[in-house]
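Enquirer: So that we are looking at the same thing, I have put the structure below in structure tokens.
The values are calculated or read from the model by the stated rules, or taken from the named source; none is laboratory data. No experiment lies behind these values; they were computed from the predicted model shown. Here Cβ is always computed from backbone atoms with ideal geometry, including for glycine, and neighbour counts include all displayed protein chains. Accessible surface is based on the protein model in full, side chains and every heavy atom, while ligands, DNA and RNA are left aside. Shrake-Rupley method; radii C 1.70, N 1.55, O 1.52, S 1.80 Å.
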Amino acid sequence: MQTGATAGTSVFGTMRQTLASEGIRGLYRGVSAPIFAVSPIYAISFWGYDFGKLLVQMSKSSSSSESAKEAPLSIPELCIAGGISALPTTAIMAPTERIKCLLQVQTASSTNAPKYNGMMDCAVQIFRSGGIRSLYKGTVLTLMRDVPGSIAWFGVYEVTKKQLVKWQGVEDPSRLSMSAVIVAGGLAGMACWTVSIPADVLKSRFQTAEEGKYRGVVDVYRHLIKTDGPGALFTGIRPALIRAFPANAACFLSMELTKKALG
């Protein structure tokens, strides 16, 4: 939907078309790259968040007030740490997204046999044709998506947790119930994608376009607005939000359970 291959088609319309032409496997086209990268990406993201919090805490050390140094980080400071977390993940995210997008659109853009025979074949062909630069095509747009998205992701999670701590009457956030963590994680995921979707649409179009079609980020934006209108920036937001709640609820729940298990 985001690449414009099924322009004017609803979520269920796109699903019906895919099932009719490719069967159930078509719904999972391009999933190998995200599955391969999801564990290291989230591991780096949470590490980046902790590192971001450390950097923010260090920046407070110049304060003359001892109480300010020892005070817990505020929500804005945690949001800054969340934005920092997106920087190291881009090293894995950008090429993974490039491969995923190309695998997802190859059947929609051609009636011939698929150009790529899976994730590794796609990566090799991209590298042979354009080198490492081609593999990282769309990195700037990936950062434009993930930095504000991560700010919203961690920010909403921390705000929701803080409120749920009050409602459940516990002092230690680590003692929140599993249902509370699920709610906080799910809402965080929905907030992340609400913020990220315009940049994700631009990224997907840029990464799947033929070489030379767009001169850069601004050119992608201008072309999209001219041909499809401003509403196209939010193409695919409904399936993204439908997926976001359960996927991110599971992610944060796994993280919290792992932290408890490791002590």
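Enquirer: Points 7 angstrom from Cα along the Cβ direction at Leu241 and Phe51: gap in nanometres?
Expert: The modelled label-to-label distance comes out at 3.4 nm.
Enquirer: Measure up Lys166/Lys259; Lys100/Lys226; Lys161/Lys260; Lys100/Lys137 against 18 Å on the Cα-Cα distance and list the ones that go over.
Expert: Pairs exceeding the cut-off: Lys166/Lys259; Lys100/Lys226.
Enquirer: Let me ask something else about it. Just to confirm, what accessible area per residue do you get for the range 114-183 at 1.4 Å probe, in whole Å²? Spell out each step's value before the answer.
Expert: Numbers: 4040 Å² over 70 residues.
Accessible surface, normalised per residue, equals 58 Å².
Enquirer: Hey, another quick one. Hand me the trypsin sites (Lys or Arg not before Pro) from the range 190-250 located in a DSSP loop with no more than 11 other Cβ atoms within 10 Å, in residue order please.
Expert: Arg215
Enquirer: Quick check of the Kirkwood formula: for the range 133-263, what is the inverse mean of 1/r over all pairs of different Cα atoms, in Å?
Expert: Mean inverse Cα-Cα distance, inverted, gives 16.4 Å.
Enquirer: Also, I was wondering about something else. Extension gain Ile35-Glu171, at 0.36 nm per residue separation less the Cα-Cα distance, in nm? Don't skip to the answer; put the middle values down first.
Expert: Details: separation 136, 0.36 × 136 = 48.96 nm, distance 3.65 nm.
Contour length minus Cα-Cα distance gives 45.3 nm.
Enquirer: Go from 0 up to the bin containing the longest alpha carbon distance in the range 113-171, width 10 Å each, and give me the % of pairs per bin.
Expert: In order of increasing distance, the bins hold 19, 24, 21, 16, 14, 7 percent.
Enquirer: Using a simple spin-label model with points 7 Å from Cα along the Cα→Cβ vector, what separation in nm is obtained for Asp228 and Lys162?
Expert: Going from the Asp228 label point to the Lys162 one covers 3.6 nm.
Enquirer: From the backbone phi of the range 243-248, what are the Karplus-calculated ³J(HN,Hα) couplings (6.51 cos²θ - 1.76 cosθ + 1.60, θ = phi - 60°) in whole Hz, Gly and Pro given as x?
Expert: With the stated coefficients, the range 243-248 comes to 6, 4, 5, x, 5, 7 Hz.
Enquirer: A further question follows. Quick one: net charge of Leu187's neighbours, Cβ under 12 Å, K/R +1, D/E -1?
Expert: Here the charged neighbours net out to 0.
Enquirer: Something else: Considering the Cα positions of the range 175-236, please state its Rg to one decimal place and its Dmax as a whole number of Å.
Expert: According to the Cα coordinates of the range 175-236, Rg and Dmax are 16.6, 53 Å.
Enquirer: Mind jotting down the distance between the C-alpha centroids of the range 175-195 and the range 202-258, whole Å?
Expert: Cα centroid to Cα centroid, the span is 20 Å.
Enquirer: Now, a different point. What size of dipole, in debye to the nearest 20, comes out for the range 103-231 about its Cα centre when the only charges are +1 on Lys and Arg C-beta atoms and -1 on Asp and Glu C-beta atoms? List each step's numbers first, then the result.
Expert: On the way: 15 positive and 10 negative charges, 53 e Å.
For this selection, approximately 260 debye.
Enquirer: Given 0.36 nm per residue, what is the gain on full extension from Leu87 to Ser74 after removing their alpha carbon distance, in nm?
Expert: 2.6 nm
Enquirer: Just subtract the alpha-carbon distance of Ser254 and Lys115 from 0.36 nm times their residue separation and send over the number in nm, one decimal.
Expert: 46.4 nm
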